[in-house]
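The structure appears below as structure tokens.
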Amino acid sequence: MNEPRQDNIHRLFVPNARGLRGRGIYLLPNLFTTAALFAGFYAICAAVSGRFAAAAVAVLVAIVLDGMDGRIARLTNTQSDFGAEYDSLADMVSFGVAPAMIAYLCILHDVGKFGFLVAFIYVSGAALRLARFNVQKTVQDKRFFKGLPSPSAAALVATTIWCGESAGLHGHGGVVLLTILVTVAAALLMVSNVRYYSFKDLDLRGRIPFVVLPAMVLVFGLISIDPPLIMMLGFFAYATSGVLFTLMQMRRSRAERRRDAARDRDVA
């Protein structure tokens with residue numbers, strides 16, 4: 001009796017188990033990414049519980065952990081496609097959803113549907129910023145970011161909330177207006193073409209001038225005077241620096257075009 005023919009259409013192809021076991025992930029950078037994701041999730045939970053200052057601090061902790069993740073991956077040459085995708089998803093939670101939730105639950109819900117719209121605009125801006133970064137990261141100048149980085153935008157919103165809470169101005173009309181302006185401005189800057197210095201060309205393994213160390217001590221001492229206010233002003237300065245740098249570049253480009261046009265007329 002002939003054996004029944006195998007149905008090749010319904011055959012089950014089992015992948016090489018040895019090959020799957022050989023494929024793994026890098027522990028250290030992904031561990032920091034997980035810690036940053038945890039901090040972002042904690043920030044959301046703290047905001048839901050009404051602990052807005054703690055939520056803002058958790059976002060700042062997530063920013064530090066995310067920065068360490070990227071630096072460690074570059075220094076140890078452990079960058080991978082999995083790590084990049086995982087980091088992007090974690091950033092969406094920590095720097096997209098968490099700041100919007102903090103701003104909405106603390107301030108924006110007082111202005112009804114308009115506040116909900118402002119929070120959603122921020123979340124959308126963060127999603128678009130991260131998607132554009134993932135697409136263009138192989139072609140852009142590593143020294144600069146196109147658009148405000150999502151961690152800086154999150155810090156801008158978080159420190160604004162933290163500053164208002166520490167000053168006891170919860171629900172104050174001026175704080176509500178400032179939060180709306182900051183949240184919308186951060187969203188728009190994230191999706192803009194404004195260029196921001198990335199600090200990726202800093203050599204952390206090389207020697208530095210001795211004067212840098214006292215300067216760092218001075219910065220930490222300055223922050224300790226009033227952490228929410230000083231940090232808010234610092235991130236405001238960084239957000240403004242990109243706008244000023246872009247305007248200077250545009251002005252320089254226009255001046256060069258005028259000189260080239262004048263030179264062409266002289267030649268003609």
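Worth pointing out:
- Number of the condition not met by GLY125 [criteria: (1) modelled with pLDDT under 95; (2) buried (at least 16 other Cβ atoms within 10 Å of the Cβ)]: (1)
- Selection within the stretch 100-147 - under 21 Å from GLY171 (Cα atoms), in contact with a Gly (Cβ under 9 Å, 6 or more places away or on another chain) and in a helix (DSSP H, G or I): ALA103, TYR104, LEU105, CYS106, LEU108, HIS109, ASP110, TYR122
- Members of the stretch 73-96 found to be more than 14 Å from ILE25 (Cα to Cα) and over 11 Å from the mean Cα position of the chain (by Cα), listed by number: ARG74, LEU75, LEU89
- Among residues of the stretch 202-231 that are surrounded by 10 or more Cβ atoms within 10 Å (Cβ to Cβ), those with a beta-carbon under 8 Å from a residue that is at pLDDT 85 or above and of a type in the set (Asp, Glu) at least six positions away or on a different chain give the pairs PRO228/GLU165.
Residues checked against (1) at pLDDT 95 or above; (2) under 27 Å from ASP87 (Cα atoms):
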{"site": "ALA158", "(1), (2)": "yes, yes"}
{"site": "TYR197", "(1), (2)": "no, yes"}
{"site": "ASP203", "(1), (2)": "no, yes"}
{"site": "VAL211", "(1), (2)": "no, no"}
{"site": "VAL219", "(1), (2)": "no, no"}
{"site": "ILE225", "(1), (2)": "no, no"}
{"site": "PRO228", "(1), (2)": "no, yes"}
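The values are calculated or read from the model by the stated rules, or taken from the named source; none is laboratory data. Everything numeric here is computed off the predicted structure, so don't read it as measured data. All Cβ positions, glycine included, derive from the backbone under ideal geometry; neighbour counts span all protein chains shown.
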